[in-house]
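Novice: Encoded as structure tokens, here's the structure I'll be asking about.
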Amino acid sequence: MFFFLNRCERCERREKESWFWRVLIKFIRIMSICIEKKQALSGEIQTYSCELVRLDDDFGVLKYVIDRDYTVAGIRLAPGDMTYAFYWTDRPYTLYTWNPSGNDAIVYYFNIADRIVLSPGEFSWRDLAVDVLIDGSGEEHILDEDEIPPRLEAGLREYIEQARDTVLSSSQAIIKSIDPLVRSLHLSPGPCT
């Protein structure tokens, strides 16, 4: 009888501990949700529910699981592919990285941007239309310059052009500086199942 009571007490303690850990993990998952809020030049706002991977004073990383088929400059992204997005508050761009269908080639997609604000619950920024994509072979593609409104303020147009030129002249250095982190995120094995 004594052994049975002790066993039950141990079981109860394990159940309580297990419940605690389940609740804690659920809380951590909820706390790691971060909204990406992207405003277009037109004023349209798009929001995406992401996972907060990292947040420092002026740098952050979000993870987004792609939920539908996309094709960007001939690169196919499928549901389940991961986007790791990098944000700097002091740079004129954000950077999405993709590893389409799990191959070894990482794709780098620079969004020309301003008004980048990072907080634990929301990363917001203004998308200035022009993008620079560096495909898995290292080829650069300038995208969406045709989306710049014809009557855009001259100062903002100049900012976009300078930011595009900065990305084009610095892309290899930028990629090299974050490549170990990008590869660890995209190419690390997932959790055991």
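Novice: Among the candidates Gly138, Gly121, Gly74, which residue alone is loosely packed, with under 12 Cβ neighbours inside 10 Å, farther than 15 Å from Leu185 by Cα, in contact with a Cys (Cβ under 8 Å, 6 or more places away or on another chain) and of a type outside the set (Asp, Glu)?
Specialist: Details: Gly138 fails: in contact with a Cys (Cβ under 8 Å, 6 or more places away or on another chain); Gly74 fails: in contact with a Cys (Cβ under 8 Å, 6 or more places away or on another chain).
Sole residue among the options that is loosely packed, with under 12 Cβ neighbours inside 10 Å, farther than 15 Å from Leu185 by Cα, in contact with a Cys (Cβ under 8 Å, 6 or more places away or on another chain) and of a type outside the set (Asp, Glu): Gly121.
Novice: Also, I was wondering about something else. Among (1) crowded, with 17+ Cβ neighbours inside 10 Å; (2) at pLDDT 95 or above, there is one condition Gln46 misses while meeting the rest; what is its number?
Specialist: Condition (1) is where Gln46 drops out.
Novice: Can you name the condition, by its number, that Asp131 falls short on among (1) surrounded by 15 or more Cβ atoms within 10 Å (Cβ to Cβ); (2) modelled with pLDDT of 95 or more; (3) more than 17 Å from the chain's Cα centre (by Cα)?
Specialist: (3)
Novice: While we're here: Regarding Ile174, is this residue outside any strand (DSSP E or B), in contact with a helix residue (DSSP H, G or I) (Cβ under 8 Å, 6 or more places away or on another chain) and modelled with pLDDT of 95 or more? Lay out the reasoning, then the answer.
Specialist: On the way: outside any strand (DSSP E or B): yes; in contact with a helix residue (DSSP H, G or I) (Cβ under 8 Å, 6 or more places away or on another chain): yes; modelled with pLDDT of 95 or more: yes.
Yes, satisfied.
Novice: From the list Glu147, Glu139, which one is over 18 Å from the mean Cα position of the chain (by Cα) and free of Cβ contacts under 8 Å to residues at least 60 places away in the same chain?
Specialist: Working: Glu147 fails: free of Cβ contacts under 8 Å to residues at least 60 places away in the same chain.
Selected residue: Glu139, the only one of Glu147, Glu139 that is over 18 Å from the mean Cα position of the chain (by Cα) and free of Cβ contacts under 8 Å to residues at least 60 places away in the same chain.
Novice: Now for a separate question. Residues that are buried (at least 21 other Cβ atoms within 10 Å of the Cβ), aliphatic (A, V, I, L, M), under 17 Å from the mean Cα position of the chain (by Cα) and more than 19 Å from Lys38 (Cβ to Cβ): does the stretch 91-100 have at least one?
Specialist: No, the stretch 91-100 contains no residue that is buried (at least 21 other Cβ atoms within 10 Å of the Cβ), aliphatic (A, V, I, L, M), under 17 Å from the mean Cα position of the chain (by Cα) and more than 19 Å from Lys38 (Cβ to Cβ).
Novice: Follow-up. Considering the stretch 135-156 alone, what residues qualify as being within 18 Å of Tyr93 (Cβ to Cβ) and either of a type in the set (D, E, K, R) or part of a strand (DSSP E or B) (or both)?
Specialist: Asp135, Glu140, His141, Ile142, Leu143, Asp144, Glu145, Glu147
The values are calculated or read from the model by the stated rules, or taken from the named source; none is laboratory data. None of these values were measured; they are calculated from a predicted model. Glycine gets a Cβ as well: all are built from the backbone with ideal geometry, and neighbour counts include every protein chain shown.
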